[in-house]
Every structure is written in C-alpha cells, then in structure tokens.
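Let me begin by presenting the structure, written as structure tokens, before commenting on it.
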Amino acid sequence: MIDLELIRTDLAGVRANLERRQRPEYLELLELVHQSDATWRALRQDADALRRTRNELSRRIAERRKQGQPSPELDREAKELPEKMRAIEEKEAALLAERDVALKRLPNLLDPSVPFGQDDHDNVTVATWGDPAKDPGHRKSHVELLEELGMAEFERAHRASGAGFYYLKGPVVLLDLALQRFALDLLTERGFTPVEPPFMLRRAPYEGVTDLADFENVMYHIDGEDLYLIATSEHPLAALYQGEILDEEDLPIRLAGISMNFRKEIGGHGVDQKGIFRTHQFAKVEQFVFCRPEDSPQIHEEIRTNAEEVFRRLEVPYRVVNVCTGDLGTVASKKYDIEAWFPRQQAFREVVSCSNCTDYQARRLGIRLGKAGRPGKIVPHTLNSTAIATSRGLAVILEQYQRPDGSIEVPKVLRSYLGGTSSITREGLN
RNA sequence: GCUGAGGUAGCCUAGCCCGGCAAGGCGCCAGCCUUGAAAGCUGGUGGCGGUGACGCCUCGGGAGUUCAAAUCUCCCCCUCAGCGCCA
C-alpha cells in the first residue's frame, strides 16, 4: 500500500510514477483516492463539530443530573442530534471506505531503475553466467526422461488429482529433497534462519501480502473456512510480524522459508501441460528479509547474489533480467528474474523471482519499526527471492545433466546429500 | 467439537455487576539532580483532522438501547485452558 501521506504531499510525483506502469485504471484509482480523501477531510470538520456539540450537551446534562436538577430542555435538544449526525456520519464512512478500498488496489511505486517497457520482451538482461547451449542433440524433455526412468506418474496423477499434479517416485524424490537441503544450507551459511511456516493463511493477513486479484486467480481456498493455501512461503513469512513493532536493532531479519506452494494458475502453455515445470503444487526454499528502508536496495542485490549462487553451484547457466515496468507485479517496486537455460527448449525460463517490495507489504500488515518501548512510524521494507523451486530446479537439472544413455548425473554439489552418489539410473542411485 | 476464562494504549493491568471525559504500573522520551551513570524527583509518552487555538476518535469487530456505552442487549471474530478426537 502506498503511503497516503505521499499522495497528499506529492500527488504529481505519485502519478508520474504510476504512469510508467501504463495501466489507465491505476491513474483513475489514484484520482479517486485523492478526491475521496479531500472530500472526507472537509466533511470530517463538520462531523467533528457536531460530535463536539453532542459531547458538550451530554456533559451539561450529566452535570445537571449530578446536582439533582433535571433539564428537560437540554434533553430535548440532545434528542435531536443523533438524527442530524446520522446522514453526515454515513457519508463520512462511505468516503473513507471508498478511499481505502481504492488505496489498497494501487500497486507499489516503481524504483527509478526499473526499465520502461510493455511486457517480458522488454526486460533488460543485466547479467549472464555459464555457457548455455552445448550439444543439445540428445536431450529429452524432463517428462520423457522421468517416464523412461519410471520415476514419475503423470497420467495417474491427472486421474487422481487432475492436470497439474504429479507423483514423483524413487531416487528423484531424494534429488528433490537434496535440492531443498542444499539451498537451505547455503542460506543458513549466509545468516538466514530456516523457517517452516503455516501452509495456510487467513484472509486478513493474506490481503496484506498479495495482489487482491490473486484471491481469484491463484490461491486455493479451504471450503467453509477462513483459510487459503499459501502460494509461496513469502506470504506467511511476511505475515509473521503482522501488527507488531520491530526493534531496529534486530534488523535485518533474514528468513529462509521452506514449504509446499499451491497455485491455481489460470491458463497453461502447451509445452508445460504435462510435467513438473508448471504445476499446482511445488516445494520451494525462499529468502525473505525485513530491513530498514535505507538498506533495501543493498539487500535486494544480496538476495539476488544468493539466488545466483544456487545456480552457479549447480552449474546451471542462467541470465538475470531486470523486469520492466509493464511486466512487474503489483507488490514489487523492483524485480529481478533469474532465467535458467533449458537446453531441450533452447530457451531461458524463469526459475527465480527476486523482489524488493519496499514498504508495500509491511504497511498493509501494520508492521512498524521502533526501539524497545518506543513505537515509531517508520515502516520496514520487505524483500523476497526464490532460492530454489524444486519443480523447476529438477526440470532444469534433468535437462542439463541427462546422459545419452538415459541416466542422470548428480550435480557435484548435491552428491553429499545423496550418500555420495554420482548418478541416477533406472536401477536407482549409483 | 464441548465447556470455561479472556481480548483495554509498545507491554502488563484496573474499571464492567451499578452507564457520565480510560485509573495505575513497566518500558520509553525530556527535564532536574550528578564529574558520568544509576537511583530519586517532575513532566511527557495511542490514532486522526486542523496553519493554529483546539477538536474528534480509540477499550477484539459490528448492530442496538440511551442525551451519553469499555460498562447494558444482541450477533460475530479471535486467543488461552480443560475435555474429546487425532499423525
């Protein structure tokens, strides 16, 4: 949520920022916020004056009663007030609601370093690592490979749970766990505290962390309960300190979330219909940081470096893009995507999303900064980045590390998590 | 799921039966004192609107009764404890 104070003091600046997102409805919303706020403030004066009159009358009546001198004329005067107040108070409440609903639908302000553009074609590559395409000839898709190895059940999963679900079987399950453990260990080395969060959240905290449209498009809702399956551990981690005052001394707070993630994800791409690249359910290790406002640009680079390190150690080529204004989500002020090279598809595909959400989530969640016993008004910044999403992590490893004979080489950095095993074959771990 | 106890400012608590400006403590801030600090003393310490004087709002949320609601009535939410169920 954008700071209302900023809209009041620098409307033109906020408008110019929102224009970069090229969505006319945002400017309309901004105008609505500004108008209803101004009208509300004016009305507020009148409403306050009326309430003041009522309070004064009440006090005089109480005074007279105490002295044993009832005052029918004051009583009569007071009786007429509530009717007068009802209309103005209803109008006041309506304006306030209108303002706040619109304010909640405005996206975060963009960082100046976000490149201008329409869609993902305009994202700007800011770094590359590794040598993408070597010998793409023998590559099978991860789906073919897994089925040939007998380590996944797609048809049966679709029958049991529907499209977008899968069974993994055998050594590839251990590979999945190895990836998670590897990422968690890397982050622990770098000062992150592992956290296993709730996999469901209530609506109120959830509204604090995500685009409201996600309730329709992305999140699964538990029937008959005020609970939503999390789409990423970012969400429960952000909600961890909902309504609290963080001690500045404790910042930055670096958390490594590990969870299953659940997404409805409307639409689908032909090539991803089957398989584990785009699914309703996947495991992910996530970086999440609460920090002082002035530190967030630097922390953003830090968590990007951590995410890059995951793929460097896995020896998977990738590029980093600075996501352009037209492709950036509602909550982020700036976002890097890391796109790994999928040789079978001869394409870079997103495996990491690394965002600086500035004060947008924290303000909605009512999180503030302060020192012991002294609450402040400053709102901390939050940042999040994938470390590894194992579905895509597995998919890229299966494509990168497959051998012509249909076996899979285990990335060096994962071997210690698999008892030193260096390859996976039909027979299992070798 | 059942029963009970609770939800008051950054934290802890009183007030609720019996309606009349939310009391007190801790923490924090400032001042006094001190070589410095602690202790002690004094004052301050929620949100919003207003240039300001000042005012309004705030007792989990909502509705109602009333001139007036933390307090009375109704509905709802949440937390904790015990019991039940349970990997």
When A:VAL396 is evaluated against the numbered criteria (1) of a type outside the set (Ser, Thr, Tyr); (2) surrounded by 22 or more Cβ atoms within 10 Å (Cβ to Cβ); (3) within 16 Å of RNA strand B (Cβ to nearest atom), which criterion, by number, is the only one it fails?
(3)
Residue check, A:LEU109 against (1) more than 12 Å from RNA strand B (Cβ to nearest atom); (2) part of a helix (DSSP H, G or I); (3) not charged (D, E, K, R), all met but one. Which one?
(2)
Count of residues meeting criterion [open to solvent by less than 10 Å² (accessible area, probe 1.4 Å) and within 12 Å of RNA strand B (Cβ to nearest atom)] in the range A:350-366
0
A:LYS377 vs. criteria surrounded by fewer than 19 Cβ atoms within 10 Å (Cβ to Cβ) and either within 16 Å of RNA strand B (Cβ to nearest atom) or within 26 Å of A:PHE165 (Cα to Cα) (or both):
yes
Return yes or no: is A:HIS121 in a loop (DSSP other than H, G, I, E, B) and out of contact with any Lys or Arg (no Cβ under 6 Å at 6 or more places or on another chain)?
no
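Being assigned by TED's automatic domain parsing to the domain that holds A:GLY393, outside any loop (DSSP other than H, G, I, E, B) and touching a residue at least 60 places away in the same chain (Cβ under 8 Å): is that true of A:GLU144 here?
Working: assigned by TED's automatic domain parsing to the domain that holds A:GLY393: yes; outside any loop (DSSP other than H, G, I, E, B): yes; touching a residue at least 60 places away in the same chain (Cβ under 8 Å): no.
Judged against the criteria, A:GLU144 is not a match.
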Helices (runs of 4 or more DSSP H) wholly in the range A:1-73 with at least 1 residues that are out of contact with any Leu (no Cβ under 8 Å at 6 or more places or on another chain) and either of a type in the set (Phe, Trp, Tyr) or more than 27 Å from A:ASP119 (Cα to Cα) (or both) - which ones?
A:4-9, A:24-66
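Scan the range A:7-15 and give yes if some residue there is within 9 Å of RNA strand B (Cβ to nearest atom) and either more than 23 Å from A:VAL101 (Cα to Cα) or not assigned by TED's automatic domain parsing to the domain that holds A:LEU328 (or both), otherwise no.
So in the range A:7-15, the residues within 9 Å of RNA strand B (Cβ to nearest atom) come out as A:8.
If we keep only those that are either more than 23 Å from A:VAL101 (Cα to Cα) or not assigned by TED's automatic domain parsing to the domain that holds A:LEU328 (or both) too, we end up with A:8.
Yes, that holds for at least one residue.
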Going residue by residue through the range A:56-68, is there one that turns out to be on the phi > 0 side of the Ramachandran plot and more than 10 Å from RNA strand B (Cβ to nearest atom)?
yes
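Condition first: in a helix (DSSP H, G or I), assigned by TED's automatic domain parsing to the domain that holds A:THR188 and over 16 Å from A:LEU394 (Cα atoms). Can you find one or more residues in the range A:282-293 that meet it?
Start the filter on the range A:282-293 by keeping residues that are in a helix (DSSP H, G or I), which leaves A:293.
Filter once more, so that each one left must be assigned by TED's automatic domain parsing to the domain that holds A:THR188: A:293.
Checking which are over 16 Å from A:LEU394 (Cα atoms) leaves us with A:293.
Checking the range A:282-293: at least one residue is in a helix (DSSP H, G or I), assigned by TED's automatic domain parsing to the domain that holds A:THR188 and over 16 Å from A:LEU394 (Cα atoms).
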Would you list the strands (runs of 3 or more DSSP E) that sit entirely within the range A:321-430 and hold 2 or more residues that are more than 22 Å from A:ARG254 (Cβ to Cβ)?
A:334-342, A:347-356, A:423-425
Read through the list (1) surrounded by 11 or more Cβ atoms within 10 Å (Cβ to Cβ); (2) within 27 Å of A:ILE367 (Cβ to Cβ); (3) hydroxyl-bearing (Ser, Thr, Tyr), then give the number of the only condition that A:THR53 fails.
(2)
If you go through the range A:347-366 one residue at a time, do you hit one that is over 23 Å from A:GLN180 (Cα atoms), under 14 Å from the mean Cα position of the chain (by Cα) and among the aromatic types (Phe, Trp, Tyr)?
yes
Can we say A:VAL413 is away from RNA strand B (no atom under 16 Å from the Cβ), crowded, with 20+ Cβ neighbours inside 10 Å and either modelled with pLDDT of 90 or more or farther than 30 Å from A:ASP295 by Cα (or both)?
no
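Is it the case that some residue within the range A:76-89 is in a strand (DSSP E or B) and either closer than 30 Å to A:ASP3 by Cβ or not basic (Lys, Arg) (or both)? Break it down stepwise before answering.
Applying the first criterion (in a strand (DSSP E or B)) to the range A:76-89 yields none.
Within the range A:76-89, not a single residue is in a strand (DSSP E or B) and either closer than 30 Å to A:ASP3 by Cβ or not basic (Lys, Arg) (or both).
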Yes or no: the range A:274-281 includes at least one residue that is within 16 Å of RNA strand B (Cβ to nearest atom), under 30 Å from A:LEU146 (Cβ atoms) and at pLDDT 90 or above.
no
Under 6 Å between Cβ atoms, at least 6 apart or on separate chains: pull out the pairs that start in the range A:35-53 with a residue that is in contact (Cβ under 8 Å) with a residue 60 or more places away in the chain and end on any residue that is in a helix (DSSP H, G or I).
A:SER36/A:LEU95; A:SER36/A:GLU98; A:SER36/A:ARG99; A:ASP37/A:ARG99
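Filter the range A:37-49 down to the residues that are more than 7 Å from RNA strand B (Cβ to nearest atom) and loosely packed, with under 15 Cβ neighbours inside 10 Å, then identify the one that is nearest to A:VAL101 (Cα to Cα). Before the answer, list the steps.
Just the residues of the range A:37-49 that are more than 7 Å from RNA strand B (Cβ to nearest atom), to begin with: A:37-40, A:42-43, A:46.
Now drop any that are not loosely packed, with under 15 Cβ neighbours inside 10 Å, which leaves A:38, A:42, A:46.
Values: A:ALA38: 15, A:ALA42: 19, A:ASP46: 23 Å.
Looking at the filtered set, the residue picked out is A:ALA38.
The values are calculated or read from the model by the stated rules, or taken from the named source; none is laboratory data. Since we're looking at a predicted model, the values are computed, not measured. Glycine gets a Cβ as well: all are built from the backbone with ideal geometry, and neighbour counts include every protein chain shown. These accessible areas exclude ligands, DNA and RNA; they are computed on the full protein's heavy atoms, side chains included. Shrake-Rupley method; radii C 1.70, N 1.55, O 1.52, S 1.80 Å.
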